[in-house]
Amino acid sequence: MPPRPTRRPLLFATAVLLVVGACNAFGVGDGARPAPPAASPAPSTGAGAGGGGVAGNPGTGNASDLPLPIDPTPVDPGAGQPTLVVPRPGQQDPHPVAPTRLQASVDGRHVLVKISWYGGVEPCSVLDSVKVEQGAGTIALTVLEGSSDLTAVCPDIAMLKATIVDLGELDPGAWTISAPGSDAAPIQLTIA
């Protein structure tokens, strides 16, 4: 009587094929990276318009490296570079996060600020908005993150993120731009 084939080699081969297929689907091992999400920039129409402008806009988050002009499409970051994200208002349980760095780009009187911070991964940590509070010669920026799924189980991984806030045209004079409650150094600007 011939020997009966065992199922172990078949199970092992199936497991290997599943792992290889998963690696290929996520670009593991071949140097490929997933394509970044597409974003639609919000139009800027003057003073206070755009990202978190004085009129209470939660921020467009148009993202790219500074200086102007800014390309609003998020990019796949290189080593040490933040992942550029755009706000998605309406997240659940929005709360402030502490930025680590502020960078300004000035074109005449038009000011853009790149804000960087460490946050969790989606869907647990999603940029909801950037709150902009303007006073006499001061602008305070507060980054708000929330969750798109409060029931999700997320790994405890921190990632460097950034967004661009369009402050629009500022009045001439000295300005201090800060992120209260954070370690980010304030920016001092003089607008002519």
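Throughout, read-outs are computed from the coordinates displayed, never taken from laboratory work. No experiment lies behind these values; they were computed from the predicted model shown. When we count neighbours, we look across all protein chains shown, and the Cβ atoms used for this are built from the backbone with ideal geometry, even at glycine.
Here are the numbers for this structure:
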read-out: The lone exception for D166 - which of (1) surrounded by fewer than 11 Cβ atoms within 10 Å (Cβ to Cβ); (2) under 24 Å from H110 (Cβ atoms) it fails; value: (1)
read-out: Some residue of the range 103-114 being closer than 14 Å to P82 by Cα and touching a Ser or Thr at 6+ places or on another chain (Cβ under 9 Å); value: yes
read-out: The range 119-167: number of residues that are under 29 Å from Q188 (Cβ atoms) and β-branched (V, I, T); value: 9
